[in-house]
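First comes the structure, then the notes that go with it.
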Amino acid sequence: MDRDMRALVRAVVKDMQWNKPVEKIAKKHDVSVEVVEQILQIYTTHPGITTDGILDRLPEWLM
């Protein structure tokens, strides 16, 4: 599961950097919009954060 979440976080951030809408990112990766929004909120409010840093800050219920 940890490997899957790490890959998901990387993919979501990459899609955001390509300016894809949250809804399309969620659909592409078969996750809820809420999960994508949580990942992107952490990424955008913590400059220089790593994938592991994002995973550490995600609420338990998302994992």
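The values are calculated or read from the model by the stated rules, or taken from the named source; none is laboratory data. Bear in mind the structure is a predicted one, so any value in this text is a computation, not a measurement. Don't worry about glycine lacking a Cβ; one is built from the backbone with ideal geometry, like all the others, and counts go over all protein chains shown. We work out accessible area using only protein heavy atoms, side chains counted, and drop any ligands, DNA or RNA first. Shrake-Rupley method; radii C 1.70, N 1.55, O 1.52, S 1.80 Å.
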Simple Cβ-charge dipole of the chain, Lys/Arg +1 and Asp/Glu -1, about Cα centre, in debye nearest 20: 320 debye
Exposure of Asp2 as accessible area (Å², to 10), given a probe of 1.4 Å and all protein chains: 80 Å²
Relative packing of 11-20, 41-50, which averages over residues the other C-beta atoms within 10 Å, highest first: 11-20, 41-50
Accessible area of the chain divided out per residue, in Å², using a probe of 1.4 angstrom: 70 Å²
Given (i) 23, 18, 10; (ii) 16, 14, 10; (iii) 54, 14, 5, the label whose value is semi-axes √(5λ) of the Cα gyration tensor in Å derived from this model: (ii)
Sum of -39500 (n - 2.57) over DSSP H runs of 4+, divided by residues of the chain (222 nm, nearest 500): -21000 deg cm²/dmol
